[in-house]
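The values are calculated or read from the model by the stated rules, or taken from the named source; none is laboratory data. From a predicted model like this one, the values you see are computed outputs, not experimental measurements. Neighbour counts are summed over all protein chains in view; Cβ atoms, including those assigned to glycine, are modelled from backbone coordinates with ideal geometry.
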Amino acid sequence: MPSTKVVVFRSGQEEYAVPVEKVVSIEKFEKVNRIPHMPDYVLGLIKVRNELLPILDFEQILYNRKANSSDAKIIILQTEDFVYGLLVLEAKEILDIEEDKLKQIGLVNYAKTQYFSAVANLENRMITIVSPDVLVNTLDGIKELKEYMNSLTEEELQAMV
């Protein structure tokens, strides 16, 4: 039976997942260089393997509160035109979910949750699947963040790291 491989993580009390093929790496949450005048969900930039990446706080996106955990992780995600880090409370596991356990949900029609692509209805847990591409393209202010990242010169990038 066909299955989908996902990385499961926690935000709030719920479990979410992203397709494993979109995940570049999972990093510890460390020092973030703040960027002024960005939306609340943009924490700033971090350096990962000599590359500066913007960090988005998933807790802030979903619940309008900052992620507050010493165990927080950053899932580095690659979309079609953008690489970013998603701050989550806990990166839990890699899981194979059988296709028949994935249910399409009507929340994709709601403007604020278009990035929820499906829900995995498992025996004693429910995991909401997040599309990293849709997430990054539906957030307010993300266009400006992409423009900002693309406008930085090599010298400016080096000065930040």
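Looking across Asp40, Asp57, one residue alone is modelled with pLDDT of 85 or more, closer than 23 Å to Lys143 by Cβ, charged (D, E, K, R) and surrounded by 20 or more Cβ atoms within 10 Å (Cβ to Cβ). It is Asp57. Restrict the check to region 20-35 and report whether at least one residue is within 24 Å of Gln114 (Cβ to Cβ) and in contact with a Pro (Cβ under 6 Å, 6 or more places away or on another chain). Yes, because at least one residue in region 20-35 is within 24 Å of Gln114 (Cβ to Cβ) and in contact with a Pro (Cβ under 6 Å, 6 or more places away or on another chain). Among all residues of region 65-73, there is none that is assigned to a strand (DSSP E or B) and either out of contact with any strand residue (DSSP E or B) (no Cβ under 9 Å at 6 or more places or on another chain) or free of Cβ contacts under 8 Å to residues at least 60 places away in the same chain (or both). Within region 1-36, can you find the residues that are assigned to a strand (DSSP E or B), in contact with a Lys or Arg (Cβ under 7 Å, 6 or more places away or on another chain), among the hydrophobic types (A, V, I, L, M, F, W, C) and crowded, with 18+ Cβ neighbours inside 10 Å? Selection gives Val8, Phe9. For the condition more than 15 Å from Val8 (Cα to Cα) and charged (D, E, K, R), Glu99 qualifies.
Among the candidates Leu86, Leu43, Leu53, Leu95, single out the residue that is part of a strand (DSSP E or B), under 11 Å from the mean Cα position of the chain (by Cα) and not acidic (Asp, Glu). Outline the logic, then answer.
On the way: Leu43 fails: under 11 Å from the mean Cα position of the chain (by Cα); Leu53 fails: under 11 Å from the mean Cα position of the chain (by Cα); Leu95 fails: under 11 Å from the mean Cα position of the chain (by Cα).
Just a single option satisfies the conditions, and that option is Leu86.
Condition check ((1) in a helix (DSSP H, G or I); (2) in contact (Cβ under 8 Å) with a residue 40 or more places away in the chain) across all residues:
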| residue | (1), (2) |
| --- | --- |
| Ser117 | no, no |
| Asn121 | no, no |
| Met126 | no, yes |
| Val134 | yes, no |
| Lys143 | yes, no |
| Glu147 | yes, no |
| Asn150 | yes, no |
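Here the condition is being within 16 Å of Tyr16 (Cα to Cα) and exposed (fewer than 14 other Cβ atoms within 10 Å of the Cβ); of Glu93, Glu144, it holds for Glu93 alone.
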